[in-house]
2 protein chains.
Amino acid sequence: MQLDERKKKILQAIIRNYLETGEPVGSRTISKYTDLNLSSATIRNEMSDLEELGYILQPHTSAGRIPSDKGYRLYVDTMLEEKEREIQEMKEVLIEREEKTDQLLKQVARVLADSTNYATMISAPAIRKNKVKFIQLSKVDPHQILTVVVVEGNVIKNSILHVEEELTEEMILKLNILLNTQLNGLSLDEINLGMISAMKAQAGIHSELVSGVIDAVADAIKADEDMQIYTSGANNIFRYPELADQKKASELINTFEEKELLSQLVNDTLSEEESGKNAIQVYIGDETPVQSMKDCSVVTATYELGEGMKGTIGIIGPKRMDYDKVIGTLKTLMSQLDALYKK
Amino acid sequence: MQLDERKKKILQAIIRNYLETGEPVGSRTISKYTDLNLSSATIRNEMSDLEELGYILQPHTSAGRIPSDKGYRLYVDTMLEEKEREIQEMKEVLIEREEKTDQLLKQVARVLADSTNYATMISAPAIRKNKVKFIQLSKVDPHQILTVVVVEGNVIKNSILHVEEELTEEMILKLNILLNTQLNGLSLDEINLGMISAMKAQAGIHSELVSGVIDAVADAIKADEDMQIYTSGANNIFRYPELADQKKASELINTFEEKELLSQLVNDTLSEEESGKNAIQVYIGDETPVQSMKDCSVVTATYELGEGMKGTIGIIGPKRMDYDKVIGTLKTLMSQLDALYKK
DNA sequence: GTTAGCACTCAACTCTTAGGAGTGCTAACA
DNA sequence: TGTTAGCACTCCTAAGAGTTGAGTGCTAAC
């Protein structure tokens with residue numbers, strides 16, 4: 001059996017209707033509210049075919065039909081590309097120029113959640129491959145040394161090291177020079193054991209301090225291992241009865257709180273994106289890398305804040321989410337983030 | 001009418017039983033499962049009195065009784081002080097010595113949530129009154145100056161300032177000395193406009209840079225304005241049917257996600273604590289400063305990480321939470337945090 | 001002051017019923 | 001051959017009736 005034009009139209013009508021109402025949709029509804037001018041009986045025949053093809057399914061006999069994951073997939077893949085979206089006006093006001101990236105991200109998550117009524121997440125830009133740009137030790141106290149490491153993209157990381165014996169200013173200057181000349185411009189992969197022991201040798205009695213600093217550098221570069229993820233609008237899931245029952249809600253809420261699980265989503269999106277796919281990914285039902293979201297759909301997008309720092313935005317909602325609107329909104333948002341950092 | 005010893009015992013029995021089961025408790029239950037040796041009829045009379053006194057209430061005629069807020073309050077205030085708790089063994093292993101305070105706090109929240117089955121929150125130590133300890137400017141790029149500010153308690157804050165014309169190393173050294181001599185040891189309140197303009201005058205053409213640095217200092221000190229709060233176990237609320245209905249759950253989840261609301265709780269706890277009250281606060285029902293928690297009980301405690309840096313821990317659960325256990329756990333935890341930072 | 005007994009209340013559960021939405025199938029029509 | 005009308009059938013849902021059981025309040029007796 002083939003999926004002809006009429007079947008596609010009917011499928012589209014079913015999905016549209018289901019997105020709106022959340023109720024299984026019957027043949028009579030389709031017959032009445034489309035311009036196909038077909039009787040409900042004909043629609044029934046077609047629907048029967050569509051079910052056989054796996055695009056829709058019946059929750060139980062004598063209920064209407066609801067889209068299957070495969071149906072949603074088709075909808076998202078083909079029907080959507082027909083018309084490039086009339087752009088959803090984003091409340092631009094809310095995104096003021098903010099120096100602090102994390103503040104900005106939180107705000108983006110919130111605005112998105114407010115305007116879509118879905119749950120949202122956003123990951124801070126990953127900086128995995130960045131290089132050391134600047135290292136500075138300073139004496140804060142007789143026994144405390146402040147280490148500051150700046151990596152490319154101006155991500156700053158610092159820590160305080162405790163030293164047993166007081167260091168002279170001169171010694172600190174020397175160490176500063178040593179560290180900067182040795183490590184500057186290197187990424188984490190490039191700093192190997194040989195280099196470290198050579199540096200330790202040069203540092204003489206302060207070799208311990210050197211290890212401390214190296215650790216700090218390593219920390220700074222792999223800061224994204226415990227990736228920062230901001231979420232908002234988790235309570236929106238209660239808007240959708242199919243997600244609001246206790247078991248599912250509890251699992252989802254948990255996923256949102258323990259950001260570790262969300263990072264799978266981020267990683268998956270980033271790797272998909274790297275492999276040349278579209279910047280916007282749609283995961284429907286079981287396609288998601290996060291188990292607890294198997295009853296949801298997730299739309300993710302990759303954004304870039306210049307200098308190759310990439311982050312991920314995700315919108316999590318019911319399978320019957322308004323794909324049109326969500327994808328439109330994400331596109332707008334991405335171009336705005338882009339514009340923001342072009343400045 | 002007076003609350004005699006026997007009434008107290010019956011009230012206690014009612015509350016205990018309700019805490020366990022979550023179901024309204026009837027006279028017969030009390031008659032059977034206490035050592036009072038009274039018939040259910042007598043208990044009924046007493047219960048009727050207790051209801052008149054406002055300690056218990058009936059959800060509807062012909063249901064058992066449940067404790068009122070007033071009843072819980074009495075229970076927490078008096079019954080609990082009788083026996084100082086046999087200390088709940090905390091999974092000490094989980095609290096490893098962690099350099100990073102925020103990591104530690106996250107872990108504490110999680111452990112608490114796991115071991116109590118309630119939702120938990122923990123606020124990072126406030127550093128409002130701390131003083132500037134160290135300021136350092138360094139040139140990262142020809143046009144980028146890194147500012148590092150360390151305040152007491154070793155909280156470090158940094159930002160990158162953009163400058164139009166390149167500064168010489170010498171100039172930076174001069175600015176460093178100027179800033180450190182002027183600002184060292186001052187708290188935010190003590191840095192006034194007069195000082196700032198005096199410093200600007202001394203900085204000459206680099207007065208703009210000075211304002212930048214001052215801003216950074218201000219940021220560092222009032223970092224707690226957007227207070228860091230970590231939460232865990234929000235999904236535990238689904239364990240308690242009386243909180244798990246959609247409306248309440250949605251509100252609670254939202255409160256947990258938008259940490260702003262929780263900060264009211266933190267502030268209230270801190271101010272109560274400052275006014276000499278006990279270190280552990282119990283908010284029952286309407287007593288809470290956070291509207292959305294009016295169907296919950298909240299137990300909060302203040303902890304101290306040395307040097308006067310105080311934070312708050314909160315446990316949020318149903319009114320029928322196991323007050324005994326929660327308070328015991330909090331006490332243990334606080335002494336452990338104490339020990340941790342005595343080291 | 002305590003207790004036994006009894007009538008009464010009310011939520012919760014079960015069972016039944018009716019209604020309605022929707023399907024699948026068949027036969028007739030263009 | 002595709003489309004349609006008609007009809008029997010399924011199954012969910014809501015509403016109502018009846019039953020059960022826990023629990024109360026009151027009274028009278030000990």
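The values are calculated or read from the model by the stated rules, or taken from the named source; none is laboratory data. Quantities reported herein were computed from a predicted structural model and do not represent experimental measurements. For neighbour counting, all protein chains shown are included, and Cβ atoms are generated from backbone atoms with ideal geometry for every residue, glycine included. Side chains included, ligands, DNA and RNA excluded: accessible areas come from the protein's heavy atoms. Shrake-Rupley method; radii C 1.70, N 1.55, O 1.52, S 1.80 Å.
Ignoring ligands, DNA and RNA, what percent of the accessible area of segment A:5-82 is carbon or sulfur (1.4 Å)?
For segment A:5-82, the apolar C and S fraction of the accessible surface comes to 43 percent.
Place the peptides B:317-325, A:191-199 in order of packing, highest mean first, counting for every residue the other Cβ atoms within 10 Å and averaging per peptide. List each step's numbers first, then the result.
Working: B:317-325: 20.2, A:191-199: 12.9.
Taking the mean over residues of other Cβ atoms within 10 Å, the ranking is B:317-325, A:191-199.
Would you work out which of B:229, B:297, B:270 lies farthest towards the positive end of the dipole of chain B? Charges go on Cβ: Lys and Arg +1, Asp and Glu -1.
The listed residue farthest towards the positive side: B:297.
What accessible area, in Å² to the nearest ten, does a 1.4 Å probe give for residue A:334?
The accessible area of residue A:334 comes to roughly 40 Å².
Between residue B:68 and residues 5 or more places away or on another chain, which pairs have amide H atoms under 5 Å apart, with H built 1.01 Å from N, and which residues are they?
Under 5 Å from the amide H of residue B:68 lie the amide H atoms of B:56, B:57, each far enough along the sequence or on another chain.
Roll a 1.4 angstrom probe over the protein heavy atoms and tell me the percent of accessible area of segment B:132-224 that is carbon or sulfur. Provide the component values of the computation, followed by the final result.
Details: 2280 of 4360 Å².
Reported share for carbon and sulfur atoms: 52 percent.
Quick one: 3J(HN,Hα) in Hz for segment B:133-138, Karplus 6.51/-1.76/1.60 with θ = phi - 60°, rounded, Gly and Pro as x.
Karplus-based 3J(HN,Hα) across segment B:133-138 equals 10, 6, 10, 9, 9, 9 Hz.
Obtain the nm distance between the two label points defined at residue B:291 and residue A:44 by a simple spin-label model: each point lies 7 Å from its Cα along the Cα-to-C-beta direction.
Result for the modelled spin labels: 5.2 nm.
Compute the angle between helix A:246-257 and the longest alpha-carbon principal axis of chain A, please, reported from 0 to 90 degrees and rounded to the nearest 10.
30
Given a cut-off of under 8 Å on Cα pairs at least six residues apart, what relative contact order in percent is computed for segment A:132-224?
30
Taking both sides together, what accessible area is buried at the A/B interface, probe 1.4 Å, expressed in Å² and rounded to the nearest 100?
Interface between A and B: roughly 3000 Å².
Any chance you could check segment A:225-267 for residues losing 40 Å² or more of accessible area when the partner protein chains are in, compared with the chain on its own (1.4 Å probe)?
Checking the loss per residue gives A:235, A:238, A:246, A:250, A:253, A:257, A:258.
Anything over 32 Å Cα to Cα? Flag those among B:8/B:331; B:106/B:139; A:294/A:325; A:106/A:319; B:7/B:331; A:139/A:310, in the order listed.
B:106/B:139; A:139/A:310
If you roll a 1.4 Å probe over the heavy atoms of the protein chains, what accessible area per residue do you get for chain B, in Å²?
Result: 47 Å² of accessible area for each residue.
Treat each spin label as a single point 7 Å out from the Cα along the C-beta direction, and report the residue A:33 to residue B:162 distance in nm.
According to this spin-label approximation, the distance is 5.1 nm.
Residue-wise, which Karplus ³J(HN,Hα) couplings in Hz belong to segment B:309-322, taking 6.51 cos²θ - 1.76 cosθ + 1.60, θ = phi - 60°, and x for glycine or proline?
Taking θ as phi minus 60°, the curve returns 8, 10, x, 10, 10, x, 10, 10, x, x, 4, 8, 6, 7 Hz for segment B:309-322.
Using 0.36 nm times the number of residues separating residue A:1 and residue A:336, minus their current alpha carbon distance, what extension gain do you get? Can you show the working numbers first?
On the way: separation 335, 0.36 × 335 = 120.60 nm, distance 4.49 nm.
So the extension gain works out to 116.1 nm.
If one takes the longest principal axis of the Cα atoms in chain B, at what angle in degrees, from 0 to 90 and to the nearest 10, does the Cα axis of helix B:5-21 lie?
70
In sequence order, what are the phi-derived ³J(HN,Hα) couplings for segment B:195-207 according to the Karplus relation 6.51 cos²θ - 1.76 cosθ + 1.60 with θ = phi - 60°, rounded to whole Hz, with x for glycine and proline?
4, 5, 6, 4, 5, 4, 4, 5, 6, x, 5, 9, 4
Between B:208, B:165, B:20, which gets the highest mean-square fluctuation from a Gaussian network model of chain B, Cα cutoff 10 Å?
It is B:165.
Once both axes come from the Cα atoms, what is the angle between helix A:259-274 and the longest principal axis of chain A, in degrees from 0 to 90, rounded to 10?
Between helix and principal axis, roughly 80 degrees.
Kindly give the distances from residue A:22 to its copy-mates, label point to label point, with each label point 7 Å from Cα along Cα→Cβ, as nm values to one decimal ordered shortest first.
With the label placed 7 Å along Cα→Cβ, residue A:22 yields 2.4 nm.
Would you calculate a helix-derived [θ] at 222 nm for chain A, using -39,500 (n - 2.57) for each DSSP H run of n ≥ 4 and dividing by the full residue count, to the nearest 500?
Values: 11 runs with 149 residues, N = 343.
Calculated from helices alone, the mean residue ellipticity at 222 nm is -14000 deg cm²/dmol.
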